[in-house]
Amino acid sequence: MSAHQKLYEGKAKIIYSTDEPEVLLANFKDDATAFNAKKRGTIAGKGEINCKIAAHLFQMLEANGIPTHFIDCPAPNQMRVRAVRIVPLEVVVRNIAAGSLCQQTGLEVGTVLKPPLVEFYYKNDELGDPLLTRDRLLLMSLATPEQLEQLQTMALRINEILKEFFHKCGITLVDFKLEFGLDQQQHMLLADEISPDTCRLWNDSESDPDRRVMDKDRFRRDLGQVEDAYQQVLERVLATTGNVVGG
Ligand code: TMP
């Protein structure tokens, strides 16, 4: 395969090959979509902001023992990553009830979830990324029972590390989505991105339910000042170091 060939274009990133077969280049876009791309827009500077936030978080997670696909950033909106075969699951961890959990269960927004909830969604745009049961997931061979256990353990550990880190940033980590992939040695790596596109982040110094939102809900719900919120997350993330936490 020739170098720098476009391999895949997703809603938020374009993936290119490089001259190293085990390395891919992810180009973060300013495009924003919501509700399975029924809503489309642009968030100025988002590509760079999300790339920088994701790079910082991946490095912090690596330092805390989580293997990720991150290598480095050759440009502000570009990330070199290890090539992986993506597991077609969106792993969502929830610390506080919000979003689809409230819509589907009637739980009140803000309900604290102890222990955190881990959910698996089928990564399939045509089907609208449906919520899976563990039995359905195994029936569909989307992961082996061992991989499912591994994903659950990794997701909860990542949650502990991120929750503590964001707390130091003055931000409450409400919920987030992770994707994982297998490298050529079949090691499970954290992949995709972690950013205000893929997390719900609430500003601890705001009590108003709309003003506190620092994530893509500002775009989904037309709350305005989307760029400012993303920039604010970046500034706080860069100003905070993530030390190893217990557990
Ligand atoms: P949800 O409440 O809409 O199910 O979202 C849960 C979390 O997952 C939230 O932090 C946003 C994130 N998410 C994505 O990253 N991509 C998606 O396609 C969806 C639906 C949610």
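Structure notes:
- You will find that of 176, 166, 180, the residue that is outside any loop (DSSP other than H, G, I, E, B), closer than 24 Å to residue 113 by Cα, in contact with a Lys or Arg (Cβ under 9 Å, 6 or more places away or on another chain) and more than 12 Å from the ligand (Cβ to nearest atom) is 166 and no other.
- The set of residues from region 30-50 being without any contact (Cβ under 8 Å) to a residue 40 or more places away in the chain and not in a strand (DSSP E or B) comprises 30, 38, 47, 48.
- For region 208-221, the criterion of being over 30 Å from residue 82 (Cβ atoms), assigned to a loop (DSSP other than H, G, I, E, B) and among the acidic types (Asp, Glu) is met by at least one residue.
- Cβ-Cβ contacts under 7 Å between residues 6 or more apart (or on different chains), taken from a first residue in region 81-100 that is under 11 Å from residue 199 (Cβ atoms) to a second residue that is among the hydroxyl-bearing types (Ser, Thr, Tyr) and within 9 Å of the ligand (Cβ to nearest atom), are listed as 92/121.
- Hits in region 1-25 - residues which are of a type in the set (A, V, I, L, M) and touching an Asp or Glu at 6+ places or on another chain (Cβ under 8 Å): 3, 12, 15
- Residue within region 85-101 that is away from the ligand (no atom under 16 Å from the Cβ) and of a type outside the set (Phe, Trp, Tyr) present: yes
- Top-ranked residue in region 188-207 [being within 15 Å of the ligand (Cβ to nearest atom) and part of a loop (DSSP other than H, G, I, E, B); ranked as farthest from residue 112 (Cα to Cα)]: 192
- Entry remark, region 183-222: residues being touching a residue at least 60 places away in the same chain (Cβ under 8 Å), closer than 30 Å to residue 22 by Cα and surrounded by 13 or more Cβ atoms within 10 Å (Cβ to Cβ) number 11 in total.
- For region 129-151, filtering for residues that are more than 16 Å from the ligand (Cβ to nearest atom) and closer than 24 Å to residue 71 by Cα leaves 2.
- Unique residue being closer than 21 Å to residue 109 by Cα and either of a type in the set (D, E, K, R) or under 20 Å from the mean Cα position of the chain (by Cα) (or both) when the list is 227, 206, 235: 206
- Qualifying residue in region 232-245 (condition: within 16 Å of the ligand (Cβ to nearest atom), under 17 Å from residue 99 (Cβ atoms) and in contact (Cβ under 8 Å) with a residue 12 or more places away in the chain): no
- For region 124-136, the condition holds for no residue, the condition being that it is hydroxyl-bearing (Ser, Thr, Tyr) and under 17 Å from the mean Cα position of the chain (by Cα).
- For residue 2, the stated conditions hold: it is of a type outside the set (D, E, K, R), farther than 19 Å from residue 219 by Cα and either touching a Cys at 6+ places or on another chain (Cβ under 9 Å) or at pLDDT below 95 (or both).
- Given (1) in a strand (DSSP E or B); (2) surrounded by 14 or more Cβ atoms within 10 Å (Cβ to Cβ); (3) of a type outside the set (Lys, Arg), number of the condition residue 102 does not satisfy: (1)
The values are calculated or read from the model by the stated rules, or taken from the named source; none is laboratory data. Since the model is a prediction, treat every value here as computed from it, not as a measurement. Here the Cβ is made from the backbone with ideal geometry for all residues, glycine too, and neighbour counts use every protein chain on show.
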